[in-house]
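J.: My structure is below; once you've seen it, I'll send some questions.
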Amino acid sequence: MLRGSIMFRPRRYATMLPALLLGALFSLPALAWAALDPHGLLLAWQRDPTTTMTIDWHVDGSDRNVRVAYRAVAGEEEWSVATGSRQSLPASDRVIHRVELTGLAPDTEYLFKVGGYERERRFRTMPAENISRPVRIAVGGDVRGNEISRRVTRQAMRFDPDFVVWGGDLAYANGDERNVGRWYEFLDVVMREMVTPDGRTVPVVMGIGNHEVRGGYHDRNDHELRRNLPPYVQDDASRLRIAPYYYRLAAFPGQPGYGALDFGDYLSLLLLDTDHSNPIAGEQTRWLRKALADRVGRVTHVLPVYHVGAWPSARHWDGDVHRRVREHWSPLFEQHRIPMVFEQHDHAYKRTWPIRDGRIDPRGVVYMGDGAWGVGVRETGRSHEGVKAWYLDRVASQSHAIMLTLQGNYQSLVVVNEQGRIIDEYPRTGLREGLLPEAERWSLPARAE
């Protein structure tokens, strides 16, 4: 026989045939399961969360079925159908299908099916008020699409949150087309894990961080990922060029990259951009000043969320972006007596003392964070230079989700790690009245020692 030739042995292949058929048989359920799902799916809002829902799902470019069928869970309503838009994803054969459902009833559960997929999913609109029941929000950032992220998401879902807010650094793709696979991994986590134990799909609001942007910050025109791009100017085209995936994938805030999402008169979520696709100073700070003035005193809970912190738990607090947040935004938070803001970026958990005018003050702002939903964690309590951070009340080098509860005038939170243990709790209630009633009681595993 010639060297390198292959001898055909009928008996050998006859014995292999049953095993091959058995393997194919067991693969059929997996194939059928995959056929029920698009490549990715997420819920968000563009407008009033009490009466709308925006549904994105990701499919092959040949799929042109941009329809959502939906109906209320209760009652015998017929299925309604809404249509939407489609747009391409850079360096990908996938497209984004987006449909906004409007005219929905507040605090109501709906069934929905996307495109030609037969799987029925379920969502819930936000309540028109939050006196009759609490509103629960999972807050975090620095997410990724890995196993840590899956575990933290599962723990957060045990709390039955109304929605999730991530303050930037989502897939860690850096606006780079070579990293589009990281978005696929991230979106798979969102689709498969952002579901409560009783099967409800949870919406997510996504802010921008340095890892959504080519070069990380708007002024890095000399970065290698922007070598062939025009210099940044503060307009929609520039923002889309330096953050091409974020502006296509995040339904809110859209351009210009910061905005307010209002939930009746009980909650305003202010999503901000810490020098990534917009400067902190200038237009954005003027917008923030007006947004706070328009809402504080009229809206019960005003929650700013952004990426780079004013008071970091691992980095040195005198970094340029940290100083700009303290210089331009902290005085506005203090002026309007915002009790709590949410920061990310440092890959740890932190809760500061109340801070006002650069000092610990019971009338001050508590800065929560610091973004460790799915990333590796860092040492906390000191800057990288080893200087003790005087402003930190509670820190932990643990992956986590912050579970915030709002009801009436009261706020309280617990922080859960990836093992499901409570690593912090913070009652901040009575808001401007300075009262401190008992925090809401949670029926959860024991707090970590």
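J.: May I ask you to verify whether SER268 is assigned to a helix (DSSP H, G or I), more than 22 Å from ILE55 (Cβ to Cβ) and free of Cβ contacts under 8 Å to residues at least 40 places away in the same chain?
T.: no
J.: A further question follows. Looking at the stretch 190-218 only, could you name the residues that are part of a loop (DSSP other than H, G, I, E, B) and in contact (Cβ under 8 Å) with a residue 60 or more places away in the chain?
T.: MET194, GLY199, ARG200, VAL202, PRO203, GLY207, ILE208, GLY209, VAL213, GLY216, TYR217, HIS218
J.: Regarding the stretch 333-343, can at least one residue be identified that is within 17 Å of the chain's Cα centre (by Cα) and part of a loop (DSSP other than H, G, I, E, B)?
T.: No: the stretch 333-343 contains no residue that is within 17 Å of the chain's Cα centre (by Cα) and part of a loop (DSSP other than H, G, I, E, B).
J.: Given the conditions (1) surrounded by fewer than 16 Cβ atoms within 10 Å (Cβ to Cβ); (2) closer than 30 Å to VAL189 by Cα; (3) modelled with pLDDT of 95 or more, and given that ARG323 satisfies all but one, which numbered condition is not satisfied?
T.: Failing condition for ARG323: (2).
J.: Filter the stretch 24-61 down to the residues that are hydroxyl-bearing (Ser, Thr, Tyr) and modelled with pLDDT of 95 or more and list them by number.
T.: The answer is THR50, THR51, THR52, THR54.
J.: ASP357: acidic (Asp, Glu), in the same structural domain as ASP236 (by TED's automatic domain parsing), surrounded by fewer than 24 Cβ atoms within 10 Å (Cβ to Cβ) and at pLDDT below 95, yes or no?
T.: No, not satisfied.
J.: Could you grab the pairs with beta carbons closer than 7 Å, sequence gap of 6+ or different chains, first residue in the stretch 233-251 and part of a loop (DSSP other than H, G, I, E, B), second one aliphatic (A, V, I, L, M)?
T.: Listed by first residue and then by second, the contacts come to ALA243/ILE208; ALA243/VAL213; TYR245/ALA173; ALA250/MET206; ALA251/ALA44.
J.: Within the bounds of the stretch 139-151, is there any residue that is in contact with a strand residue (DSSP E or B) (Cβ under 7 Å, 6 or more places away or on another chain), in the same structural domain as LEU240 (by TED's automatic domain parsing) and polar (S, T, N, Q)?
T.: No; the residues of the stretch 139-151 include none that is in contact with a strand residue (DSSP E or B) (Cβ under 7 Å, 6 or more places away or on another chain), in the same structural domain as LEU240 (by TED's automatic domain parsing) and polar (S, T, N, Q).
J.: Among the residues of the stretch 293-311, is any in the same structural domain as TRP390 (by TED's automatic domain parsing), within 16 Å of TYR217 (Cβ to Cβ) and among the charged types (D, E, K, R)?
T.: Checked the stretch 293-311: no residue is in the same structural domain as TRP390 (by TED's automatic domain parsing), within 16 Å of TYR217 (Cβ to Cβ) and among the charged types (D, E, K, R).
J.: If you don't mind, another one. Evaluate the stretch 404-412: report whether one residue or more is under 26 Å from ARG298 (Cα atoms), at pLDDT 95 or above and either in contact with a Gly (Cβ under 9 Å, 6 or more places away or on another chain) or of a type in the set (A, V, I, L, M) (or both).
T.: Taking every residue of the stretch 404-412 in turn, at least one turns out to be under 26 Å from ARG298 (Cα atoms), at pLDDT 95 or above and either in contact with a Gly (Cβ under 9 Å, 6 or more places away or on another chain) or of a type in the set (A, V, I, L, M) (or both).
J.: (1) surrounded by fewer than 16 Cβ atoms within 10 Å (Cβ to Cβ); (2) touching a residue at least 24 places away in the same chain (Cβ under 8 Å); (3) not in a loop (DSSP other than H, G, I, E, B): which one isn't true of TYR70, the others all being true?
T.: (1)
J.: Please specify each residue of the stretch 80-96 satisfying the condition of being under 19 Å from ARG182 (Cα atoms) and of a type outside the set (S, T, N, Q).
T.: LEU89, PRO90, ALA91, ASP93, ARG94, VAL95, ILE96
J.: Select, from THR274, THR300, the only residue that is touching a Phe, Trp or Tyr at 6+ places or on another chain (Cβ under 9 Å), farther than 29 Å from GLY175 by Cβ, among the polar types (S, T, N, Q) and buried (at least 20 other Cβ atoms within 10 Å of the Cβ).
T.: None of the others qualify; the one that does is THR300.
J.: Go through the stretch 78-114 and give me each residue that's over 30 Å from GLY175 (Cβ atoms), among the small types (Gly, Ala, Ser) and not in a loop (DSSP other than H, G, I, E, B).
T.: SER80, ALA82
J.: A further question on this structure: With LEU187, LEU225 as the choices, which residue is touching a Gly at 6+ places or on another chain (Cβ under 7 Å), more than 26 Å from ARG150 (Cβ to Cβ), in a helix (DSSP H, G or I) and modelled with pLDDT of 95 or more?
T.: LEU225
J.: Could you grab me the full set of residues in the stretch 361-382 that are of a type in the set (Lys, Arg) and either touching a strand residue (DSSP E or B) at 6+ places or on another chain (Cβ under 7 Å) or without any contact (Cβ under 8 Å) to a residue 60 or more places away in the chain (or both)?
T.: Across the stretch 361-382, the qualifying residues are ARG363, ARG382.
J.: In addition: Given the conditions (1) buried (at least 19 other Cβ atoms within 10 Å of the Cβ); (2) over 16 Å from the mean Cα position of the chain (by Cα), and given that GLY374 satisfies all but one, which numbered condition is not satisfied?
T.: So the condition that GLY374 fails would be (2).
J.: For the stretch 181-211, name all the residues that are of a type in the set (A, V, I, L, M) and crowded, with 18+ Cβ neighbours inside 10 Å.
T.: Residues satisfying the conditions are LEU187, VAL189, VAL190, MET191, MET194, VAL202, VAL204, VAL205, MET206, ILE208.
The values are calculated or read from the model by the stated rules, or taken from the named source; none is laboratory data. On a predicted model such as this, the values are computed, not experimentally measured, just so you know. Backbone-built Cβ (ideal geometry, glycine too); neighbour counts: all protein chains shown.
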